[in-house]
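Below you'll find the structure, written out as structure tokens, and then a few comments.
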Amino acid sequence: MLSEDDAYNSDYITQWLLETDSLEDFLQALADAALKLSRTEGVGVTLERNGRPLTVVSAGPAAPKLDEKQYGQDDGPCLQALRTGREVAVPDMLGESRWGEYPGYAVSCGIRSSLSLPIAAHTHTAGALNLYAGPPGAFARSDLAALRALASQATGGIALAQRISEAQEFAEQMRTAMQSRSVIDQAIGVTMGRNRCTAEEAFAVLRSASQRRNIKLRDLCTELITRLTGRPPTAPGPRPRT
């Protein structure tokens with residue numbers, strides 16, 4: 001579990017993210033740390049996915065039901081922090097007039113105060129770190145600097161995870177492109193042998209056939225190689241060292 005000192009240590013957080021199995025595990029560690037630091041009844045991490053808010057992780061019993069109440073009425077301190085990118089503190093739900101039925105519901109659940117800290121503000125994965133406490137004014141006694149640091153590290157962790165995902169997606173696109181290029185090159189070689197023509201002329205023949213049959217060039221070339229050899233073309237392997 002993250003200690004209070006770790007909350008300020010960006011190098012430690014980055015290492016933690018790389019050592020966990022998933023972004024969800026990383027955010028769970030942060031939620032657990034926030035619960036320990038704040039000594040509250042519940043902590044939840046909300047992220048917006050496909051335009052819909054979702055509690056991706058939580059610690060303590062209070063967060064899931066309070067988050068869901070806000071999602072259901074599409075309003076509340078959690079969603080306000082997510083949408084505005086600003087902290088939203090509620091010193092006492094009993095004196096709160098915002099967010100419709102939500103403050104009364106929170107009081108009925110034994111929660112009088114809350115704090116929502118924005119995560120990855122103004123991005124397509126914006127979210128909030130939400131803390132819920134039983135007594136009023138609970139966060140006046142909390143170490144807000146440490147809690148803000150955790151929200152900041154969550155933002156950094158999400159950004160790093162997105163970069164890793166984008167790099168993996170790019171690598172997959174490159175792998176697919178290399179496979180396509182290999183199949184097309186094989187088909188060009190076959191066409192050159194059959195028609196006794198240059199590579200440029202062979203490519204023109206294949207492209208014309210692709211357009212005439214209204215199928216992708218790669219699919220046409222795959223069909224040609226499969227018909228010729230009796231099996232689909234194989235992906236290119238690593239080049240031997242010289």
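The values are calculated or read from the model by the stated rules, or taken from the named source; none is laboratory data. If you're wondering where the values come from, they're calculated on a predicted model, not measured in any experiment. Side chains included, ligands, DNA and RNA excluded: accessible areas come from the protein's heavy atoms. Shrake-Rupley method; radii C 1.70, N 1.55, O 1.52, S 1.80 Å.
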For ILE119, the residues 5 or more places away or on another chain with a placed amide H closer than 5 Å to its own amide H are GLY127, ALA128, LEU129
Heavy-atom accessible area of LYS65, protein chains in place, probe 1.4 angstrom, given in Å² to nearest 10, is 90 Å²
For segment 77-90, in residue order, the Karplus 3J(HN,Hα) values (coefficients 6.51, -1.76, 1.60; θ = phi - 60°; whole Hz; Gly and Pro = x) are x, 4, 5, 5, 5, 4, 7, 9, x, 10, 5, 10, 10, 10
Rounded to the nearest 10 Å², the 1.4 Å probe accessible area of MET192 is 70 Å²
Regression test value, accessible area per residue of segment 71-132, probe 1.4 Å, units Å², expected 42 Å²
In whole Hz, the Karplus estimates of ³J(HN,Hα) for segment 129-139 (6.51, -1.76, 1.60; θ = phi - 60°; x where Gly or Pro) are 9, 10, 10, 10, 10, x, x, x, x, 5, 7
For ARG49, ARG231, the accessible-area ranking with a 1.4 Å probe, largest leading, is ARG231, ARG49
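What shape does segment 90-159 take by its C-alpha gyration tensor, where a ≥ b ≥ c are the square roots of the eigenvalues and a/c under 1.5 counts as rounded, a/b above b/c as prolate, and the rest as oblate?
oblate
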